[in-house]
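The values are calculated or read from the model by the stated rules, or taken from the named source; none is laboratory data. What you see is a predicted model; the values in this text were computed from it and never measured. Here the Cβ positions follow ideal geometry from the backbone for every residue, glycine too, while neighbour counts run over all protein chains shown. What goes into the accessible areas is simple: the full protein's heavy atoms, side chains included, and nothing from ligands, DNA or RNA. Shrake-Rupley method; radii C 1.70, N 1.55, O 1.52, S 1.80 Å.
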Amino acid sequence: MDVAILEVVGPPLRLELNRGAIARNIDYSPDYVGKRANLLVSCGLLHIDEDGGPFYLISDTGENVLNRDISPDDLEELGPEES
């Protein structure tokens, strides 16, 4: 599911989409997509643009995950930032 979110906003188009648009493309509810996308933001895999949004866009790290340029050990370290 999280990979599906990254794929929708990722290459080749690198779209900036709100949770509703992402949800329509992967057949999940907007609320669930919003929760997962916010988790991906906290892990550094997505960025969020609040200007007129929120809109989600893939980060370089997220793109590296899609391209499998990040090892499984590195991926584990991308867990949510703790406050």
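When the Cα convex hull of the chain is projected onto planes of every orientation, the mean area is 5.5 nm².
Rolling a 1.4 angstrom probe over the chain with all protein chains present gives an accessible area of which 45% lies on carbon and sulfur atoms. Taking amide H as placed 1.01 Å from N in the peptide plane, the amide H of GLY10 sits under 5 Å from that of LEU15, each at least 5 places away or on another chain. Magnitude of the charge dipole for the chain, about its Cα centre and with charges confined to Cβ atoms of Lys, Arg (+1) and Asp, Glu (-1), is about 460 debye. For the chain, with the dipole built from +1 on Lys and Arg beta-carbon atoms and -1 on Asp and Glu ones, taken about the Cα centre, which of VAL8, LEU39, GLY62 lies farthest toward the positive end? Result: VAL8, furthest along the dipole toward the positive end.
Quick check: the angle from helix 30-42's long axis to the longest principal axis of the chain, C-alpha only, nearest 10 degrees? For helix 30-42, the angle is close to 30 degrees.
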